[in-house]
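Contents: one structure, followed by commentary.
The values are calculated or read from the model by the stated rules, or taken from the named source; none is laboratory data. Here the structure is a predicted model, which means the values were calculated and not measured. Quick reminder, even Gly has a Cβ in these numbers, built from the backbone with ideal geometry, and neighbours come from all protein chains shown.
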Amino acid sequence: MRLILHRYIFGDLMKALLLSGTALTSFLALAYALSSLRDRGLGPADSLQLVVCFIPAMLIFAMPIAALLTTTLVYGKLASENEITACRASGISMHTLLWPVVVFGLLIGATNFVLFDRVIPWSWQRAERIGTENLERMFFHHMRTKKEVEFKNVFYIHAKHVEDRMLYGVVIDYDMGDGQRYRAYAPAAHISFLPPVSGEQEPVQVTARRPSIGEDMISYARERAGKLLASFPRVERVLVVLDIEDGRGVAECVASVRYAGSVSDRQVRDDLATAIAAVTEEVGSQLAGAGDAGRTADGRPVPPRPEELAAQSWDTEVVDCGRIHMQLFDVHGSDPDEARLILGDYNIVRSINDIRESRPREMTLAQLRLRYQRPQECYAYRRGAARGAGPEAMAKLAEKLKAESLAEEHSRYASIVSCVLLVGLGAALGTMFRHGHILTAFSVSMGPGLFAIFAILVGKQMVEKQPESMHALVWVIWAGNLVLLAINAVLIPRLLRR
């Protein structure tokens, strides 16, 4: 009989949790996604995918309220329909009636541990990547709405007016690879994320970003690209961009492909990738001696490239987002030297590498502990050291990284514990109020649930903003759980004695 009773109560708990958790999580995910949808300019399919990714991420806010609402509703219904009274009259103690709550609380805690350690970090990572997978759409959306776009470590572009792929009143601030920043102005610019394919252009185009790259190297690159064009009939045009970065020759090849016959896209990509890699390596090796090895224009050592720092850091990955081709018309610079360098119509072709640094919310619990113990191995720390920050600044940066990791780690553990405590509190409140209506249960559960979430969020913000006192302030994250534990210690013994 007791097994039947336990299965009956536990089944009601699971059904109520599924309904309340789904409703609360979906509402929070949709509300949170609205701002991202406006900023990223996503299409219908990407928007739906973004909302789905935010659903697990919002469990950290929805689960405490859902756990409390579930037990308050189920035990309030049992009390209001006198089922608890009937059970006690049949000789079933309150201890027996609360066993499903114990099992339910342990199940909630174990599930939350898996969610907070694996599922929620993955959902944040996936949500961050959805918007950047369609770089062209994001670029033109930001240009139309904000009139400016900044690509990390590549360039900043501002335009007064946008019409289709044309920008008018253009200002571009960019790095030509020699460690210096340049600014160019143009009445108009054409932006594309593939090489131009107009019939008036030559099959092979070579662009040099540095004036130190002579005509002999340009001719050599044009010759090698011409052989590539002759070897692969499906290749219509090849664009080669020559540059010097950190004393190394860099040759970027961009090709547009004409699909012929029954050749699959995969075959075309594989053939073209092999050919481009060969040309890039060969031309780049010849170009390596053309620059001032590892020195900027004023003789200072060139700092490591962000891509190199990212490759050395476990918390960062470099994602190739393609290349952007900017055709600037009637360009002029901000001073005579720059004007001579980029006078007239000018092409800028740059690779867009997105350096994705994992935020604390995107890390597993083990990664958070590693970030706390060894902040010197993180990308942010290496970047600060590469920029020449002093010992005091680097010490503060290390403390900041440790504080962020500690705050995120303790907030997750505190959320898991709060869900378990709220399950027990909900059973006590539902039995005492003896009302199984969902509005009553919702009203009763909102206060303690929001209090637990508020205490965790406030404590997390305090630890992150005051790294020097992080160990003393970390207890603020647990303050809400201590209050919930005290309330449980008063209500549950009273409930068992009734």
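So which residues in segment 66-82 are out of contact with any Phe, Trp or Tyr (no Cβ under 9 Å at 6 or more places or on another chain), part of a helix (DSSP H, G or I) and surrounded by fewer than 24 Cβ atoms within 10 Å (Cβ to Cβ)?
Matches in segment 66-82: K77, L78.
Just wondering, is there one or more residues in segment 100-109 that are touching a residue at least 12 places away in the same chain (Cβ under 8 Å) and either in a loop (DSSP other than H, G, I, E, B) or polar (S, T, N, Q) (or both)?
Among the residues of segment 100-109, not one is touching a residue at least 12 places away in the same chain (Cβ under 8 Å) and either in a loop (DSSP other than H, G, I, E, B) or polar (S, T, N, Q) (or both), which makes the answer no.
Looking only at segment 482-491, decide whether some residue is among the small types (G, A, S), over 25 Å from G91 (Cα atoms) and crowded, with 17+ Cβ neighbours inside 10 Å.
So far as segment 482-491 goes, no, none of its residues is among the small types (G, A, S), over 25 Å from G91 (Cα atoms) and crowded, with 17+ Cβ neighbours inside 10 Å.
Could you please let me know if K465 is surrounded by fewer than 19 Cβ atoms within 10 Å (Cβ to Cβ), farther than 30 Å from F433 by Cα and within 34 Å of the chain's Cα centre (by Cα)?
In short, yes.
Return the residues of segment 430-446 that are of a type in the set (A, V, I, L, M, F, W, C) and either at pLDDT 95 or above or surrounded by 24 or more Cβ atoms within 10 Å (Cβ to Cβ) (or both); say none if nothing qualifies.
A441
Report whether or not A45 is loosely packed, with under 14 Cβ neighbours inside 10 Å and within 21 Å of the chain's Cα centre (by Cα).
Criteria met by A45.
Scan segment 43-65 for residues that are more than 27 Å from A414 (Cβ to Cβ) and not in a helix (DSSP H, G or I) and jot them down.
G43
Residues checked against (1) assigned to a helix (DSSP H, G or I); (2) more than 22 Å from the chain's Cα centre (by Cα); (3) buried (at least 22 other Cβ atoms within 10 Å of the Cβ):
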| site | (1), (2), (3) |
| --- | --- |
| L397 | yes, no, no |
| S405 | yes, no, yes |
| V417 | yes, yes, no |
| L425 | yes, yes, yes |
| P448 | yes, yes, yes |
| F454 | yes, yes, no |
| K460 | yes, no, yes |
| W475 | yes, yes, no |
| G480 | yes, yes, yes |
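Return a yes/no flag: does segment 317-334 have any residue that is under 30 Å from V114 (Cα atoms), among the small types (G, A, S) and at pLDDT 65 or above.
no
Of the conditions (1) closer than 30 Å to S358 by Cα; (2) modelled with pLDDT of 90 or more, I492 fails just one. Which one is it?
Checking I492 against (1) closer than 30 Å to S358 by Cα; (2) modelled with pLDDT of 90 or more, the one that fails is (1).
Within segment 123-144, is there a residue that is among the charged types (D, E, K, R), in a helix (DSSP H, G or I), at pLDDT 90 or above and crowded, with 16+ Cβ neighbours inside 10 Å?
no
In this structure, is V114 surrounded by fewer than 17 Cβ atoms within 10 Å (Cβ to Cβ) and within 25 Å of P64 (Cβ to Cβ)?
So V114 fits the description; yes.
Considering each of M63, M58 in turn, give the residue that is under 30 Å from R129 (Cα atoms) and without any contact (Cβ under 8 Å) to a residue 60 or more places away in the chain.
One residue alone meets the criteria, M58.
Residue-wise test of (1) without any contact (Cβ under 8 Å) to a residue 60 or more places away in the chain; (2) over 30 Å from R494 (Cα atoms).
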position	(1), (2)
T72	no, no
L78	no, no
T85	yes, no
I92	no, no
N112	no, no
T145	no, yes
E150	yes, yes
A159	yes, yes
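Here's the yes/no breakdown for (1) farther than 21 Å from V331 by Cβ; (2) surrounded by 13 or more Cβ atoms within 10 Å (Cβ to Cβ); (3) at pLDDT 70 or above; (4) in the same structural domain as V283 (by TED's automatic domain parsing):
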residue: M166; (1), (2), (3), (4): no, yes, yes, no
residue: G179; (1), (2), (3), (4): yes, yes, no, no
residue: P196; (1), (2), (3), (4): no, yes, no, no
residue: Q205; (1), (2), (3), (4): no, yes, no, no
residue: Y220; (1), (2), (3), (4): yes, yes, yes, yes
residue: R224; (1), (2), (3), (4): yes, yes, yes, yes
residue: L229; (1), (2), (3), (4): yes, yes, no, yes
